[in-house]
């Protein structure tokens, strides 16, 4: 049988998918244990979430949460940092430490036959890190080198400078790595103190997903985490009003072939009731390949490899940000088009029925593929723990997104995005583009020096 | 441990590989064309990758963007080009399998009527911007070009990076895309793997329906060019970086060749992870480097191994080079220890199990089946691939290091901050990279 290629086949029905059940218990010390059984491959993904991140860095000690997280795997008791990594390597473990504004996560994925041993190591790492002076000196030095290196990475420069412009001294105003001065002022005692106050079972959730069952995990976790105790205490003390800075800012990068752009402002937290509508709105505006902004700047104008927007949902209001790297000569054009698109979706050019159904479908029809691996499931479950979401969150996601209307999309964009408040940052060749930028009606470009963020 | 599958070759030469995995209601469609930057010639570099972009711009019966219908069906999709092959994939809800096959078959059979000068010019601009973003405007971003240029002679198909030279991309014309498509994009030069929530028999029927009618093209003769280095080629360039970085590179065995797995394990124990010899010595103990890594980059005709090490502030690359060469000589002379071998074995096993987790996308099961099928003509290779690693002995690993990571026949590339030429490894010549 040959096909007639007159029209595209309509997608047929797909077998229903339900998110696997989460089994929960709480250990005597307050550590929450959440497990999901997922047995397609013989491995287990462990993630230990501590709800303390870079936003908890004390004033002047920016980078402390990240250094502390980094030092957890530097050995324990009489075991050196190398010994610790030998032990992980002997399990063929995939090990990672991750730090964000609101949390840190230590993760280990292993073949299920090594599950007991991996959990012992995870407990050693969290509960009994050695936090030695000499290791601290080395870890800090490597982080200072990293800071030196990222001064030449346009995307990293843009991210750091943009956070500072948007948030100032607010808990989200610095990147997790901190800066040269704060790292220089840090001591190993700061790290020990942070570990003592912040990395406590009352702030933590252990997630295990894979070829494992809850009762066994409960018994093992109770054993290895038995010595962990104490309630988490205050660590931060950061607070401050959001700055109201210039609208057009430039970090000079002479002879740069492209300009790295960030456009956005502080927007909204993860707990907003508008969450689902904002996801749909963002998908249409800049969250997928066929979004308005990517089609405009890449597929129509050809001035970039790709453009995207995102609401970075966090516990406190996170930023709405557009990011794109464009050829130098197109810098002003790209800023103008981007702001035009951001403005248009709030009303002047409302989303069409076709855009809406595409945006909704893109978020919902492929939802199952976000839960294919143990690691993906663990990360999904972690969102529940991090943002206090209910267990039926995943089951409710698709029907909730499907209910979003075109009017709602316009309304939430109008509510949470304000073109007159957008801050623009350019990392680029100011000698070439400076005059163009001045003509955009966003004020004279303000030069942001490399020392200020 | 295996990926179970059935293989069928259609009359027009298209290989079809089907793997059932009903864990999740999704299906991966993965299509490889046996063409990459190694099929290009000097003066025409970057074309295979530019062509990949054109495949997303619509075909005769759907002359609009490729993404829209698929994203509307809930698909994730992408493509990539390397020296040896070009691949395209979609992961769709199982009900959208037919849509994906319709779209893939239409661009395999009917791309050219929809390929206009406007689209061509637009995607050329996009690719030039991809090159600026990922290579030119990135610290050390031109290292791959410099290394490949020095490792392989000017007429060798691995002499250039897949992204291509700016001048070549700017000079290329639309009619060359037509010729390229006819030569390389046809069923007899492709392999289609479908994995996930499918029933094999009706899926094969669908494949026959959509792909069976496409005309077979002429078989493409394999490219085979040998290469070797006769000396230590020492080059440098200055870049907008803060810390100097040293690259050592060697021509090594091809993918799946004798010594390939051995060198994969050897580069791991030398420089990957905190337990590796070079990390421990340079970063952990002496603290003269800030990072170090190594890899055996396996390719169809030849591989190349590479050690990359970035100096800590205040240290010149000569000091790093001496230490790296000394550790390589030590490994060649004494071989690995038992603990390193045991670690390598269990890490290989874990990595292979991890690879079984996803049906699609880059590196998923469908991608792996196509890799084995295209490069070995034997898709049933997953288990034997793992065996290659499990079978490596101390003596074999030591021999591979001695044979291939020869300090006298390598490329030594220094990249230093602009104006800090004194930091380059001794006796290096300036290299021209763009």
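The values are calculated or read from the model by the stated rules, or taken from the named source; none is laboratory data. Computed from a prediction, not measured in an experiment: that's the story for all the values here. Here Cβ is always computed from backbone atoms with ideal geometry, including for glycine, and neighbour counts include all displayed protein chains.
Structure summary
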| quantity | calculated |
| --- | --- |
| The one condition in (1) at pLDDT below 95; (2) over 19 Å from residue A:56 (Cβ atoms) that residue A:197 fails to fulfil | (2) |
| Any hit, the stretch B:48-56, residues being touching a helix residue (DSSP H, G or I) at 6+ places or on another chain (Cβ under 6 Å), under 30 Å from residue B:247 (Cα atoms) and either within 12 Å of chain A (Cβ to nearest Cβ) or modelled with pLDDT of 95 or more (or both) | yes |
| Residue A:368 vs. criteria in a helix (DSSP H, G or I), within 29 Å of residue A:96 (Cα to Cα) and over 20 Å from the mean Cα position of the chain (by Cα) | yes |
| Meets criteria (modelled with pLDDT under 95, within 14 Å of chain B (Cβ to nearest Cβ) and in contact with a strand residue (DSSP E or B) (Cβ under 7 Å, 6 or more places away or on another chain)) for residue A:14 | yes |
| Residue satisfying condition, being buried (at least 21 other Cβ atoms within 10 Å of the Cβ), at pLDDT 95 or above and at the interface with chain A (Cβ under 9 Å from one of its Cβ atoms), within set B:96, B:121, B:100 | B:96 |
| Residue satisfying all of: in the stretch B:366-380; without any contact (Cβ under 8 Å) to a residue 24 or more places away in the chain and part of a loop (DSSP other than H, G, I, E, B); farthest from residue A:377 (Cα to Cα) among these | B:377 |
| Any hit, the stretch A:136-149, residues being outside any helix (DSSP H, G or I) and either more than 27 Å from the chain's Cα centre (by Cα) or crowded, with 21+ Cβ neighbours inside 10 Å (or both) | no |
| Evaluation of residue A:24 against (1) touching a strand residue (DSSP E or B) at 6+ places or on another chain (Cβ under 7 Å); (2) modelled with pLDDT of 95 or more; (3) within 12 Å of chain B (Cβ to nearest Cβ) (one fails), failing number | (3) |
| Filter result for residue A:121 (more than 29 Å from residue A:161 (Cβ to Cβ) and more than 9 Å from chain B (Cβ to nearest Cβ)) | yes |
| Residue within the stretch A:406-422 that is assigned to a helix (DSSP H, G or I) and within 14 Å of chain B (Cβ to nearest Cβ) present | no |
| Filter result for the condition that a residue is closer than 22 Å to residue A:68 by Cα and in contact with a strand residue (DSSP E or B) (Cβ under 7 Å, 6 or more places away or on another chain), over A:203, A:181 | A:203 |
| Unique match (being touching a helix residue (DSSP H, G or I) at 6+ places or on another chain (Cβ under 6 Å) and not assigned by TED's automatic domain parsing to the domain that holds residue A:210) among A:386, A:425 | A:425 |
| Counted residues, the stretch A:260-285 - those being closer than 20 Å to residue A:173 by Cβ and without any contact (Cβ under 8 Å) to a residue 60 or more places away in the chain | 1 |
| Verdict on residue A:381 being within 14 Å of chain B (Cβ to nearest Cβ), more than 30 Å from residue B:135 (Cα to Cα) and in a helix (DSSP H, G or I) | no |
| Residue match in the stretch A:210-221 (condition: in a loop (DSSP other than H, G, I, E, B), surrounded by 20 or more Cβ atoms within 10 Å (Cβ to Cβ) and in contact with a helix residue (DSSP H, G or I) (Cβ under 9 Å, 6 or more places away or on another chain)) | yes |
| Residue match in the stretch B:366-387 (condition: exposed (fewer than 14 other Cβ atoms within 10 Å of the Cβ), touching a strand residue (DSSP E or B) at 6+ places or on another chain (Cβ under 8 Å), in the same structural domain as residue B:302 (by TED's automatic domain parsing) and within 13 Å of residue B:193 (Cα to Cα)) | no |
| Strands (runs of 3 or more DSSP E) wholly inside the stretch B:165-283 containing at least 3 residues that are closer than 25 Å to residue B:134 by Cβ | B:232-239, B:245-252 |
| Pick from the stretch B:125-143, criterion in a loop (DSSP other than H, G, I, E, B) and farther than 12 Å from residue A:328 by Cβ, ranking: nearest to the other protein chains (Cβ to nearest Cβ) | B:139 |
| Residue match in the stretch B:427-434 (condition: more than 27 Å from the chain's Cα centre (by Cα) and buried (at least 17 other Cβ atoms within 10 Å of the Cβ)) | yes |
| Residue check for residue A:321: touching a residue at least 24 places away in the same chain (Cβ under 8 Å), outside any helix (DSSP H, G or I), more than 13 Å from every other protein chain (Cβ to nearest Cβ) and closer than 30 Å to residue A:19 by Cβ | yes |
| Selection status of residue A:440, assigned to a loop (DSSP other than H, G, I, E, B) and touching a helix residue (DSSP H, G or I) at 6+ places or on another chain (Cβ under 8 Å) | yes |
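Rundown of residues vs (1) under 21 Å from residue A:206 (Cα atoms); (2) away from chain B (no Cβ under 14 Å); (3) in contact (Cβ under 8 Å) with a residue 60 or more places away in the chain; (4) out of contact with any helix residue (DSSP H, G or I) (no Cβ under 7 Å at 6 or more places or on another chain), yes/no style:
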position: A:56; (1), (2), (3), (4): yes, yes, yes, no
position: A:62; (1), (2), (3), (4): no, yes, yes, no
position: A:65; (1), (2), (3), (4): yes, yes, yes, no
position: A:68; (1), (2), (3), (4): yes, yes, yes, no
position: A:71; (1), (2), (3), (4): yes, no, yes, no
position: A:78; (1), (2), (3), (4): no, yes, no, yes
position: A:81; (1), (2), (3), (4): no, no, no, no
position: A:86; (1), (2), (3), (4): no, no, no, yes
position: A:90; (1), (2), (3), (4): no, no, no, no
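Let's see how each residue does on (1) buried (at least 18 other Cβ atoms within 10 Å of the Cβ); (2) under 27 Å from residue B:427 (Cβ atoms); (3) more than 14 Å from every other protein chain (Cβ to nearest Cβ):
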site	(1), (2), (3)
B:204	no, no, no
B:224	no, no, yes
B:235	yes, yes, yes
B:251	yes, yes, yes
B:259	yes, no, yes
B:266	yes, yes, yes
B:280	yes, no, no
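The rows are residues; the columns are (1) surrounded by fewer than 17 Cβ atoms within 10 Å (Cβ to Cβ); (2) more than 30 Å from residue B:220 (Cβ to Cβ); (3) in contact (Cβ under 8 Å) with a residue 12 or more places away in the chain; (4) within 14 Å of chain A (Cβ to nearest Cβ).
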position	(1), (2), (3), (4)
B:332	no, yes, yes, no
B:351	yes, yes, no, yes
B:355	no, no, yes, yes
B:364	no, no, yes, yes
B:392	no, yes, yes, no
B:397	no, yes, yes, no
B:414	no, yes, yes, no
B:425	no, yes, yes, no
